[in-house]
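We did not get these values from a lab; they are worked out from the coordinates using the rules stated. From a predicted model like this one, the values you see are computed outputs, not experimental measurements. Every residue, glycine among them, receives a Cβ derived from its backbone with ideal geometry; neighbour counts consider all protein chains shown.
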Amino acid sequence: MPFVTLGYGTPFSFLYAAVRRRSLGLGITAAGYGAGTAAVMMMLQAGDPIFLVLGSFLAILLWIAGTGHAFAVRPSVFPREIPRNVLNEHAIEVARYRRSLREQARALAAEDPALARELRIGRPDVPRTYDDGGLVDVNHAPREIIEALPGMTPEIADRIVRRRAQTGGFVSVEEMALDADVPPDVLPQLADFTIFLR
């Protein structure tokens, strides 16, 4: 708007920006441009050649400065929003990546259980540097971590922890489901996030 209106629309542009962003600084800027525009109009209407030259120079200065300033503040007034489909695609990519990390951690644990224990795979409750994609070692993780698994309830978590203490742990999600009386509909949710290290 400042460019198209030769600078006369600059105060209104900054006033709109101040209201939109609720910014006192932009409001003061709008007032400054308004005072400058009023001064230009008074000089141009005075009829004096000196005022005419000064008014013209100030008008050009306000036009260029207002246009540049408007372009500078535009990103903060009208921030670019990432389209929702791009956010969704990113979320899908992250979920797939996390799934691949879980698969890699499981393969490593099957190949070298001692290394898996050293890397603390499935133990989000302890300090570690290895990213296992969100696996939980049901045989060693504390109750609150088990309860946070998808589909889990406090009652099921209690049964799992109690049964784990009695038997020394589980070898698979199916054995855990059988021994701890985990409902069948919860199994698919648990299978993706659980590991059973001995």
Of the labelled options [x] 55; [y] 62; [z] 47, which one gives percent of Cα pairs over 24 Å apart as computed for this structure?
[y]
Using alpha carbons only, how many degrees (0 to 90, rounded to 10) separate the axis of helix 154-167 from the longest principal axis of the chain?
40
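Would you order L178, L187 from fewest to most other beta-carbon atoms within 10 Å of each residue's own beta-carbon?
By the 10 Å Cβ count, ascending: L178, L187.
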Looking only at Cα atoms, what is the convex hull volume of segment 102-195 per residue, in Å³?
87
Relative to the present Cα-Cα distance, how much length would full extension add between E144 and S172 at 0.36 nm per residue of separation?
8.1 nm
Expressed as an acute angle from 0 to 90° and rounded to the nearest 10, what is the orientation of the C-alpha long axis of helix 10-21 relative to the principal long axis of the chain?
20
Can you give the relative contact order of segment 102-195 as a percent, counting alpha carbon pairs under 8 Å and 6+ residues apart?
26
GluC sites (Glu not before Pro) within segment 57-159: which are DSSP loop residues with at most 12 other Cβ atoms inside 10 Å?
E81
Taking the 0 to 90 degree range and rounding to the nearest ten, how far is the long axis of helix 49-77 tilted relative to the main principal axis of the chain, both from C-alpha atoms?
10
Of all alpha-carbon pairs in segment 10-77, indicate the percentage at a distance above 16 angstrom.
47
